[in-house]
Amino acid sequence: MIRLPRGTQDILPGDSEKWQYVEQVFVDLCRRYNYQEIRTPIFEHTELFERGVGDTTDIVQKEMYTFTDRGDRSLTLRPEGTASVVRAFVQNKLFGSNQQPQKLFYNGPMFRYERPQQGRMRQFVQLGIEALGSKDPAIDAEVISLAINFYQSLGLKSLRLVINTLGDKESREQHRQALVNHFHPYREELCQDCQLRLDKNPMRVLDCKKDKEHPAMQTAPKILDYLTPEAKDYFEKVTAYLDAVGVEYVIDSNLVRGLDYYNHTAFEIMSAASGFGSITTLSGGGRYNGLVEDLGGPETAGIGFALSVERLLMALEAEDVELPLEQSLDAYVVAIGEKAEAKAFEITQTLRTNGLKADKDYLKKKIKAQFKAADRNQAAYVIVIGENELTNGQVSIKTMTTGEQENIAFDQIVSYIKQKG
RNA sequence: GCGGUCGUGGUGAAGUGGUUAACACAUCGGAUUGUGGUUCCGACAUGCGUGGGUUCGAUCCCCACCGGUCGCCCCA
């Protein structure tokens, strides 16, 4: 038997309805905030991610699904959405659109070559948004509130929004230098990864879990102390906007984010629900002023976030949230005897074209088994048609909840069901 | 990339070095003629992840591999 590749999953009936529901809620919400959908390819030139995501990141260094095609091009299955969206923004000159800022959302599979575990798949689905072309702190708050709003509207309660600023270029440069100076004497005591990070991206040392307890970590210079007045002001405005709309948050100066392109606002939303395993991050995002330029476009500010549907579903489960999924059937048509088959088929079809959810048997089952099927499908009504009915021009309609049964003329079936509800 | 743990029918699972691999659920059939959710009866793994090895003999012992799962790192 050929099995699915490691780290992938089949989403089967029973679950797929949850996915559809969640995705639909997301689309509706994005529309309310006036975001429009963008669809980009599932694979891109490898270079896009090396430059866009950053080659010091774990994603680029060890998690990319890279392959060579028949034309000897190096392509990569996208590990995240932002780089592609920005690429499309530049390539299609959306910066010239009369709709500014460009507010976009996307929904699709992402790929990272990792060891699968709970909440971490090699193929996983992200829903995300990007707002390009505005450096108004209010739009940072808009993006964050949309994310929170989404989770809340699905019924999640145990949420924790963590926010930080990574400052502007100048702030980061000074902070970076301070970090290098600070950690330099302890270099040998840090883990191997951190020794590398110290050279390439010192900020990520703060994010390390291995060296978390190291004394130098507690006393490390905080970005908040190195912010330029402008960066500081920006961050204060973002939080003020969040306060204004009642979004609760926690400031964590060690929140760094794993992607190179972030600056200014960075945030993560975590689930505080118990029984959620070791994975708690539901979504993350931040501002990436400068990325558009890096990818060949004009100077353009940007901010966005992405969330994982897999983790969202896990969180919903952990909090025992029941999604309002509609699965029952309005009617199931039972045919008795071969002569009634054609009419049963016809009636089923008529119900459907009149907007009712209907089905019938296709396995030549006995009456009893057909009723069982009707029951399993949670049919509200069972329409029985046999030889008697055929000659009378009527069917017998049974209301499953009460067991009552009535004879109804063929052309009255739809109105009968609609009227009774 | 590293570590723990597991791998028996559609599902959940018991089990033993030796003629017929429990049990439950699901499914299907039946309990007199055209009616479900209850009950009763019956059917349902030539097979115990794959490949080697040990043995007179292995699903059960050993090895390797593959896969699931959880954790570390990092992230969504």
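The values are calculated or read from the model by the stated rules, or taken from the named source; none is laboratory data. Note that the coordinates shown come from a computational prediction; the quantities given were computed from them, not determined experimentally. Heads up, the Cβs are rebuilt from the backbone with ideal geometry, glycines too, and the neighbour counts pull from every protein chain shown. Heavy atoms of the whole protein, side chains included, go into the accessibility calculation; ligands, DNA and RNA do not. Shrake-Rupley method; radii C 1.70, N 1.55, O 1.52, S 1.80 Å.
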- Summing Lys, Arg as +1 and Asp, Glu as -1, what charge do residues with Cβ under 14 Å from the Cβ of A:Gln24 carry, A:Gln24 excluded? -2
- Once you put a point 7 Å from the Cα of A:Arg73 and another 7 Å from the Cα of A:Asp193, both along the Cβ direction, what distance in nm separates them? 3.3
- Item | Alpha-carbon centroid distance for the pair the range A:1-65 / the range A:279-354, whole angstrom | 14
- Task: Would you tell me the accessible area of A:Asp243, worked out with a 1.4 angstrom probe on the heavy atoms of the protein chains, in Å² to the nearest 10?
- Result: 90
- Task: Could you give the size of the charge dipole of chain A about its Cα centre, using +1 on the Cβ of each K and R and -1 on the Cβ of each D and E, expressed in debye and rounded to the nearest 20?
- Result: 980
- Neighbour net charge for A:Pro298 - beta-carbon separation under 15 angstrom, K R +1, D E -1: 0
- Area accessible to solvent at A:His45, 1.4 Å probe radius, in Å²: 110
- Query: Cα centroid distance between the range A:74-89 and the range A:110-162, in Å?
  - Reply: 17
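For A:Tyr362, A:Tyr261, write out the residues from largest to smallest accessible area, computed with a 1.4 angstrom probe and no ligands counted.
A:Tyr362, A:Tyr261
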- Query: Can you pull the semi-axes for the range A:79-238, root of five times each eigenvalue of the Cα gyration tensor, sorted largest first, whole Å?
  - Reply: 31, 23, 18
- Note on the structure: Env charge @ A:Ala240, Cβ radius under 13 Å, K,R +1 / D,E -1, value -3
- Message: Could you report the accessible area of A:Arg120 in Å², rounded to 10, computed with a 1.4 Å probe on the protein chains as they sit in the structure?
- Response: 70
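For chain A, what does the equivalent ellipsoid look like in terms of its semi-axes, each the square root of 5 times an eigenvalue of the Cα gyration tensor, given largest first in whole Å?
55, 22, 21
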- Using the charge dipole of the range A:329-420 (Lys, Arg: +1 at Cβ; Asp, Glu: -1 at Cβ; taken about the Cα centre), state which of A:Val414, A:Tyr362, A:Thr350 has its Cα farthest towards the positive end. A:Tyr362
- Note on the structure: In chain A, taking the dipole from +1 charges on Lys and Arg beta carbons and -1 charges on Asp and Glu beta carbons about the Cα centre, the listed residue (A:Asn98, A:Pro229, A:Ser253) farthest towards the positive end is A:Asn98
- Message: Name the residue from A:Thr219, A:Ala374, A:Phe89 whose Cα lies farthest towards the positive end of the charge dipole of chain A, charges +1 on Cβ of Lys and Arg and -1 on Cβ of Asp and Glu.
- Response: A:Ala374
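Using the Cα centre of the range A:281-320 as the reference point, and only Cβ charges (+1 on K/R, -1 on D/E), how large is the resulting charge dipole? Debye, rounded to the nearest 20.
Rounded to the nearest 20 debye, it is 120 debye.
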- Message: I'd like to check one number: the per residue accessible area of chain A, probe 1.4 Å, reported in Å² as a whole number.
- Response: 52
- Query: Can you list the residues of the range A:140-177 with backbone N under 18 Å from a point 7 Å past the Cα of A:Gln24, pointing along Cα to Cβ?
  - Reply: A:150-151, A:153-155
- Message: Could you work out the relative contact order of chain A? I mean the mean sequence separation of Cα pairs under 8 Å and 6+ apart, divided by the number of residues, in percent.
- Response: 15
- Message: To the nearest 20 Debye, how big is the dipole of the range A:151-258 about its Cα centre, given +1 on the beta carbon of each Lys and Arg and -1 on that of each Asp and Glu?
- Response: 320
- Item | Cβ-derived FRET efficiency at R0 25 Å, A:His45 paired with A:Asn181, nearest 0.05 | 0.05
- Give me the number: length gained by fully extending A:Gln117 to A:Ser274, i.e. 0.36 nm times residue separation minus the C-alpha to C-alpha distance, one decimal in nm. 54.8 nm
- Message: Helix-only estimate, please: 222 nm mean residue ellipticity of chain A, summing -39500 (n - 2.57) across DSSP H runs of length 4 or more and dividing by its residues, to the nearest 500.
- Response: -11000 deg cm²/dmol
- Query: Got a number for carbon plus sulfur as a percent of chain A's accessible area, 1.4 Å probe?
  - Reply: 46
- Task: Would you kindly compute the Cα radius of gyration of the range A:164-277 and its largest Cα-Cα separation (Dmax), both in Å?
- Result: 15.2, 47
- Message: As an exercise, find the ratio Rg/Rh for the range A:305-421 from alpha-carbon atoms, using the Kirkwood inverse-distance average for Rh.
- Response: 1.15
